[in-house]
Amino acid sequence: MQLEQSQDVGKIKTLTSDAFQREIGRGSGQCAVEFMSYSCSFCGQLEPALQEVAGILESRVKIFRVNTATESGLVENFRIDSTPTLIMFRDGKNVGRIEGPSPTVPSLLTAISQPFKAGT
């Protein structure tokens with residue numbers, strides 16, 4: 001799936017640095033952030049499964065994305081070396097990370113949900 005740059009797609013909202021601080025930094029419950037690039041073919045392959053997972057988890061986990069090409073401060077802050085990278089946050093705190101997740105719904109559900117189970 002080809003993604004359009006800086007566009008919210010389906011249930012996944014694209015965050016700028018300022019929006020990241022509003023949505024994640026203020027401790028807004030359970031969130032997963034995909035650090036991705038629009039030129040990354042693997043990010044495009046991940047998109048359909050990630051959209052499905054966003055729908056499945058929408059009442060429990062908010063899923064966002066950050067464009068690594070335009071948000072270098074966030075990339076540096078979270079030490080993003082490759083895309084896609086998913087980082088899970090609970091109340092603004094980093095609780096889990098996975099680089100290059102498998103683009104299947106079951107693997108994404110596990111990768112995103114597991115860090116939140118540890119703290120409940």
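At a glance:
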| item | result |
| --- | --- |
| In sequence order, calculated HN-Hα J values of the stretch 80-91 (Karplus, 6.51, -1.76, 1.60; Hz; x Gly/Pro) | 7, 9, 8, 10, x, 10, 9, 10, 9, 10, 10, 6 |
| In Hz, Karplus ³J(HN,Hα) per residue of the stretch 25-36 (6.51, -1.76, 1.60; θ = phi - 60°; x = Gly, Pro) | x, 8, x, 9, x, 9, 9, 10, 10, 8, 8, 9 |
| Total formal charge among the other residues, if their Cβ is under 14 angstrom from that of ARG60, Lys/Arg +1 and Asp/Glu -1 | +2 |
| Relative packing of peptides 97-108, 41-52 - highest average C-beta neighbours within 10 Å first | 41-52, 97-108 |
| Förster radius 22 Å - calculated FRET efficiency between GLU99 and SER39, Cβ distance, rounded to 0.05 | 0.80 |
| Residues with amide H under 5 Å from that of ILE63, placed H, sequence gap 5 or more | ALA32 |
| Cα pair distances of the chain binned at 5 Å [whole percent] | 2, 12, 25, 28, 22, 10, 1, 0 |
| Percent antiparallel among DSSP beta bridges (both partners in the chain, rounded to 5) | 60 |
| Interchain or long-range residues, amide H under 5 Å from SER28's placed H | ASP91, GLY92 |
| In Hz, Karplus ³J(HN,Hα) per residue of the stretch 64-74 (6.51, -1.76, 1.60; θ = phi - 60°; x = Gly, Pro) | 10, 9, 10, 7, 5, 6, 10, 10, 4, x, 5 |
| The chain: Cys lacking any partner C-beta under 4.7 angstrom | CYS31 |
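Since every read-out is calculated from the coordinates, none of them should be taken as a lab result. Only a predicted model underlies this, so the values are computations on that prediction, with no experimental measurement involved. Here Cβ is always computed from backbone atoms with ideal geometry, including for glycine, and neighbour counts include all displayed protein chains.
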